[in-house]
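The values are calculated or read from the model by the stated rules, or taken from the named source; none is laboratory data. Please read all numbers here as calculations on a predicted model, not as lab measurements. FYI the Cβ positions are ideal-geometry reconstructions off the backbone, even for glycines, and counts take in every protein chain you see.
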Amino acid sequence: MSAVLSSWNRFSGTLPGRLLVSGAVWLRAPYFLTAAPVILELDEKHSRVRMANWWLTHNHLGTVHAIASCNLAEYAMGVLAEAAVPATHRWIPIGMDVRYLATAKTSVTADAAFATPPAFGPDKEDVTVEVAIRDDAGAEAVHASIHLRISPRPPR
């Protein structure tokens, strides 16, 4: 079990625990600090992550910035990949297709799941994580398809 998933399973029962695990991911990838996403749910098949509606995530119109949404999508995909990919393998994003469907004027929640579960075999494989980002009313504002390459770790 990955360190992220192990920590999540241990600490996710309380808000401070969820913030602790989410913050540990921010420290590992500091770029996410401006979005300050908080993990709500995490297992090997799905992640749900929330980003608060605050001025550091706004565009000039006062709505959630498109790139802040991309950051949220990448964070949701990243914690899912960390939870799902076994220690025998590694992953790296190789592309991202994003559709901006509507403006978001509230906090947003990202749901990430593999389009097809990875095989984690002896050969590298390309997989896609679908991420739907919804506002508080449940309207999908952004949809991202993030492409990953998963491959066995080389021997050390």
Q: Return the total of residues in the range 77-98 being surrounded by fewer than 17 Cβ atoms within 10 Å (Cβ to Cβ) and outside any strand (DSSP E or B).
A: 3
(Q) Looking at the range 118-140 only, could you name the residues that are part of a loop (DSSP other than H, G, I, E, B), within 19 Å of the chain's Cα centre (by Cα) and in contact (Cβ under 8 Å) with a residue 12 or more places away in the chain? (A) Pro118, Asp136, Ala139
Q: Identify the single condition in (1) of a type in the set (D, E, K, R); (2) touching a strand residue (DSSP E or B) at 6+ places or on another chain (Cβ under 9 Å); (3) not in a loop (DSSP other than H, G, I, E, B) that Lys105 does not satisfy, given that it satisfies every other one.
A: (3)
Q | Scan of the range 1-23 for residues that are among the hydrophobic types (A, V, I, L, M, F, W, C) and over 20 Å from Pro86 (Cβ atoms), ordered by number | A | Phe11, Leu15, Leu19, Leu20
Q. Which one is surrounded by the most Cβ atoms within 10 Å (Cβ to Cβ) among residues in the range 99-130 that are farther than 18 Å from Ala52 by Cα and in contact with a helix residue (DSSP H, G or I) (Cβ under 6 Å, 6 or more places away or on another chain)?
A. Val129
**Q.** Thr109 being of a type in the set (Ser, Thr, Tyr), at pLDDT below 95 and closer than 26 Å to Ala3 by Cβ
**A.** no
Q) Just to be sure, is Thr103 closer than 30 Å to Arg156 by Cα and either among the hydroxyl-bearing types (Ser, Thr, Tyr) or at pLDDT 95 or above (or both)? A) no
Q | Subset of the range 1-56 (residues that are assigned to a helix (DSSP H, G or I), crowded, with 17+ Cβ neighbours inside 10 Å, under 14 Å from the mean Cα position of the chain (by Cα) and among the hydroxyl-bearing types (Ser, Thr, Tyr)) | A | Ser22
Q: Out of the residues in the range 16-48 that are under 12 Å from Val79 (Cβ atoms) and of a type in the set (S, T, N, Q), state the one that is modelled with the lowest pLDDT.
A: Ser22
Q: Check the range 62-70 and report whether any residue there is in a strand (DSSP E or B), at negative phi and over 11 Å from the mean Cα position of the chain (by Cα).
A: yes
